[in-house]
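Peer 1: Below is the structure I would like to discuss, written out as structure tokens.
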Amino acid sequence: MGKIEDLEVINGEGYQLTTLDKAVALARSNSVWPLPFATSCCGIEFMATMGSTYDLSRFGMERMSFTPRQSDLLIVAGTISKKLAPVLKKVYEQMAEPKWVLSVGACASSGGIFDTYSVLQGIDRIIPVDVYVPGCPPRPEQIIDGVINIHKLVKHEPMRRRYSEEYRHLLGDYEIEVTNADNDK
Amino acid sequence: MTNNTLLESLHTLLGTKIVASEILHDTLVIEVTPNEAFNAIQMLKNDADLSFNFLTLIGAVHYPDEKDRELCVVYHLHSWKNAIRLRIKTYLPKDNPSIKSLTPLFDGANWQERETFDFFGIQFEGHPNMTRILNMDEMDYHPMLKQYHLEDETREDKDDRFFGR
């Protein structure tokens, strides 16, 4: 028995065994393609996180994807007004499974200081969120911590979770259909 | 041109259209009736000497306690030629408030009137597209009217004691 990045593997003479979903999850977690949905000051902090000082590329996130079709992780950084909410939901719906959501900062997580008629009081009212990063705005270290927590989720997620009844039910609560789950059953 | 000389010229030009006037924060403010507002602004724009040809702002104020004068529409005009500003106020009742649109005079009035409609519910007659501009289309009220709360009404996790309410 051995370990690659805390995944159990069995080592033998000239081969190494693990289960397929663990191998896939490991590969996925090391090449998450993020889609930054940045609207305000949290977005600026996220830009610093992407920049050379904090260098998000170290975590296999070299490529920011500006199309939802080709991204795995939706990073929502900033205030989302109620008028913008349907746009955000559409972007989430257009992402292919499997997909994760990182909510960066107080506004995206809870509306923050903007307790007002025009601001969505947390993006989890319209889409499911995997990891919340607190802060107003959070420092790049905190955003990296959130990303690493996403990696942990990705690494330990069974391949079939996205086809499960529970997952369908979760998205059903948000009135979102599981789109391409049947394709690779 | 000073505020006082401006007021004299305005009296000559508009006569009894001016209901009241005062100087607030160094700017002359005149009040006109809603029916005369369009004509007065048109005359101010077309007058060769005064030449108030720039519409700086259209806004509104809600005074819930002033009966039949609850909604005040405010126009800020600027005369480049004389380097002077003028504010024009006109008061509307709260039930079905409507006033003639300035879009035939100033193209820039288009979005400003939509914004004023969005937040105060004032209808601008003759506006080419009297719809909301900033708030979401599904919103069913006009949020700057004072009977509505500023806060989001759907939140349940806030303890009012900690927010001074």
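The values are calculated or read from the model by the stated rules, or taken from the named source; none is laboratory data. Predicted model, so just to flag it, every value in this text is computed and none were measured. Here Cβ is always computed from backbone atoms with ideal geometry, including for glycine, and neighbour counts include all displayed protein chains. Accessible surface is based on the protein model in full, side chains and every heavy atom, while ligands, DNA and RNA are left aside. Shrake-Rupley method; radii C 1.70, N 1.55, O 1.52, S 1.80 Å.
Peer 1: I'd like the accessible area for B:THR5, computed on protein heavy atoms only with a 1.4 Å probe and all protein chains in place. Round to 10 Å², please.
Peer 2: For B:THR5, the solvent-accessible surface is approximately 60 Å².
Peer 1: For the range B:21-27, in order, what is each residue's ³J(HN,Hα) by Karplus, 6.51 cos²θ - 1.76 cosθ + 1.60 with θ = phi - 60°, in whole Hz (x at glycine and Pro)?
Peer 2: Result, rounded to whole Hz: 8, 7, 10, 10, 6, 6, 10.
Peer 1: Now for a different question. Can you list residues from other chains, or at least 5 along the same chain, whose modelled amide H is less than 5 Å from the amide H of B:ILE84?
Peer 2: B:SER79
Peer 1: If you don't mind, there's one more thing I want to ask. Could you compute how fast the range A:31-159 diffuses translationally, taking Rh as the Kirkwood radius over C-alpha pairs and applying Stokes-Einstein at 4 °C with viscosity 1.567 mPa s? Give it in µm² per second.
Peer 2: Answer from the Stokes-Einstein relation: 90 µm²/s.
Peer 1: Please give the charge dipole size of the range B:16-68, origin at the Cα centre, charges +1 on K and R Cβ atoms and -1 on D and E Cβ atoms. Round to the nearest 20 debye.
Peer 2: Dipole size: approximately 200 debye.
Peer 1: Just how large is the dipole of chain B about the Cα centre, in debye to the nearest 20, putting +1 at every Lys and Arg Cβ and -1 at every Asp and Glu Cβ?
Peer 2: Taking the Cα centre of chain B as origin, the dipole is about 600 debye.
Peer 1: So, with a 1.4 angstrom probe, what is the percent of accessible area on the range A:1-79 that is carbon and sulfur?
Peer 2: 57 percent
Peer 1: If you don't mind, another one. Within chain B, which is the longest segment that contains none of the GluC sites (Glu not before Pro) sitting in a DSSP loop with at most 10 other Cβ atoms within 10 Å?
Peer 2: With a cap of 10 other Cβ atoms within 10 Å, the longest stretch comes to B:1-137.
Peer 1: Shifting gears a bit: Express the carbon and sulfur contribution to the solvent-accessible surface of chain B as a percent, rounded to the nearest whole number, probe 1.4 angstrom.
Peer 2: Carbon-and-sulfur percentage of accessible area, whole number: 50.
Peer 1: Also, quick follow-up: How about the range B:44-116: which chymotrypsin sites (Phe, Trp or Tyr not before Pro) there are in a DSSP loop, with at most 13 other Cβ atoms within 10 Å of their Cβ?
Peer 2: B:TRP80
Peer 1: Still on this model: Pop out the ³J(HN,Hα) list for the range A:72-89 in order, Karplus 6.51 cos²θ - 1.76 cosθ + 1.60 with θ = phi - 60°, rounded to Hz; leave Gly and Pro as x.
Peer 2: These are the phi-based 3J(HN,Hα) values: 10, 10, 8, 9, 9, 10, x, 5, 10, 6, 5, 5, 7, 3, x, 5, 4, 5 Hz.
Peer 1: Nearest 100 Å² is fine: how much accessible area is buried between B and A, summed over both sides, with a 1.4 Å probe?
Peer 2: 1200 Å²
Peer 1: Rank these residues by their accessible area, most exposed first, probe 1.4 Å: A:LYS99, A:LYS89.
Peer 2: Per-residue accessible area, sorted high to low, gives A:LYS89, A:LYS99.
Peer 1: Past the 24 Å Cα-Cα mark, which pairs from A:LYS82/B:LYS146; B:LYS89/B:LYS146; B:LYS17/B:LYS146; B:LYS45/B:LYS67; B:LYS17/B:LYS100; B:LYS45/B:LYS89?
Peer 2: B:LYS17/B:LYS146; B:LYS45/B:LYS67
Peer 1: Amide H neighbours of B:GLN123 under 5 Å, at least 5 residues apart or on other chains, H built in the peptide plane: list them.
Peer 2: Here the answer is B:SER98, B:ILE99, since their amide H atoms fall under 5 Å of that of B:GLN123.
Peer 1: Just the accessible area per residue of the range A:60-185, please: how many Å² with a 1.4 Å probe?
Peer 2: Using a 1.4 Å probe on heavy atoms only, each residue of the range A:60-185 averages 46 Å².
Peer 1: Counting pairs of alpha carbon atoms under 8 Å apart in space and at least six apart in sequence, what relative contact order in percent does chain A give?
Peer 2: It comes to 21 percent, rounded to a whole number.
Peer 1: Express in % the proportion of alpha carbon pairs of the protein assembly as shown at distances exceeding 36 Å.
Peer 2: 46 percent
Peer 1: While we're here: Using the C-alpha atoms of the range B:3-151, what convex hull volume per residue, in cubic angstrom, is computed?
Peer 2: In the range B:3-151, the Cα hull volume divided by residue count equals 120 Å³.
Peer 1: Which ³J(HN,Hα) values, rounded to whole Hz and listed in residue order, are derived for the range B:72-82 from phi using the Karplus coefficients 6.51, -1.76 and 1.60 in 6.51 cos²θ - 1.76 cosθ + 1.60 with θ = phi - 60°, glycine and proline given as x?
Peer 2: Ordered by residue, 3J(HN,Hα) equals 10, 9, 10, 10, 9, 10, 10, 9, 4, 4, 9 Hz.
Peer 1: Here is a follow-up. Would you pull out the residues with amide H under 5 Å of B:ILE133's amide H, same chain only if 5 or more places away, H placed 1.01 Å from N?
Peer 2: Result for B:ILE133 returns B:ASP118.
Peer 1: Taking the full set of protein chains and a 1.4 angstrom probe, give the accessible area of A:GLU166 in square angstrom, rounded to the nearest 10.
Peer 2: Roughly 130 Å² of A:GLU166 is accessible to a 1.4 Å probe.
Peer 1: Next question. Quick one: compute the contact order of chain B, relative version, from alpha carbon pairs under 8 angstrom and 6+ residues apart, as a percent.
Peer 2: It comes to 16 percent, rounded to a whole number.
Peer 1: Further, regarding this structure: What accessible surface, in Å², does a 1.4 Å probe find on A:LYS22, ignoring ligands, DNA and RNA and rounding to the nearest 10?
Peer 2: 80 Å²
Peer 1: Quote to one decimal, in nm, the extra length available between A:GLU175 and A:ILE10 on full extension: 0.36 nm per residue of separation minus the C-alpha distance between them.
Peer 2: Contour length minus Cα-Cα distance gives 55.2 nm.
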